[in-house]
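Participant: Just dropping this structure here.
Any read-out appearing in this document is the output of simple, stated calculations on the displayed coordinates, not a laboratory observation. These numbers were taken from a predicted model, which means no experiment stands behind them. Methodologically, a virtual Cβ is constructed for each residue, glycine included, from the backbone with ideal geometry; neighbour enumeration extends over all protein chains shown.
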């Protein structure tokens with residue numbers, strides 16, 4: 001896979017930053033108290049960081065692409081950590097909620113649970129997680145060489161249960177980018 005997010009981060013920013021994320025983020029926000037700490041993993045150029053910040057939450061971003069991380073800092077004025085979420089040690093963090101809005105779409109099915117558990121090391125007991133992934137089976141490669149792994153609802157729910165989470169809210173919606181893709185969205189609560 002060519003590294004679209006490293007090379008074409010400005011193009012990605014232009015296509016995604018001005019989309020209103022309310023329909024995706026509100027189900028999580030309604031479960032949190034003002035001032036709650038949110039970690040947005042795969043924060044892109046900071047759209048969701050800014051949305052949460054404007055609603056009184058304390059936010060930190062995490063982004064692999066240095067270009068997107070810098071844009072996120074500029075756009076949201078937030079702290080943004082850099083690194084690869086498959087390798088980063090999240091255990092030193094303590095978030096009330098973690099946002100994975102499309103962040104795991106490129107993670108192969110067989111590595112998904114391991115990557116998810118690694119990121120969850122940064123979540124407090126009884127914390128919440130927002131996860132969104134594309135619906136379907138198998139994988140799909142776009143014209144830019146990006147490989148997207150597609151999911152069925154029941155398969156994701158099985159992973160979440162194995163990781164000690166309960167689905168508190170579920171939504172299915174068409175892509176706001178005007179494509180025919182459908183996204184599966186979950187607000188999860190850790191059962192500890």
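Participant: Give me 134, 140 ranked fewest to most by other Cβ atoms within 10 Å of their Cβ, as a rough exposure proxy.
Facilitator: On the way: 134 18, 140 14.
Fewest-to-most ranking of 134, 140: 140, 134.
Participant: Restricting the count to DSSP beta bridges whose residues both fall in the chain, what percent are antiparallel, rounded to a multiple of 5?
Facilitator: Numbers: 19 of 38 bridges.
Given both bridge residues lie in the chain, the antiparallel proportion sits at roughly 50 percent.
Participant: Give the relative contact order (percent, whole number) for the chain; include only Cα pairs under 8 Å separated by 6+ residues. Write out the running numbers ahead of the final one.
Facilitator: On the way: 378 pairs, mean separation 34.8, N = 192.
Averaging sequence separation for qualifying contacts and normalising by length gives 18 percent for the chain.
Participant: So how much slack lies between residue 180 and residue 148, counting 0.36 nm per residue of separation and subtracting their Cα-Cα distance, in nm? Don't skip to the end; give the middle numbers.
Facilitator: On the way: separation 32, 0.36 × 32 = 11.52 nm, distance 1.45 nm.
Full-extension gain reported as 10.1 nm.
Participant: For the range 33-70 and the range 77-133, write down the distance between their C-alpha centroids in whole Å.
Facilitator: Answer, in whole Å: 12.
Participant: Any idea how far apart residue 87 and residue 70 come out in nm if each label point goes 7 Å out from Cα toward Cβ?
Facilitator: Those two pseudo-labels are separated by 2.1 nm.
Participant: P(r) for the range 96-157: what percent of alpha-carbon pairs falls in each 10 Å bin, starting at zero?
Facilitator: 20, 52, 23, 5, 0
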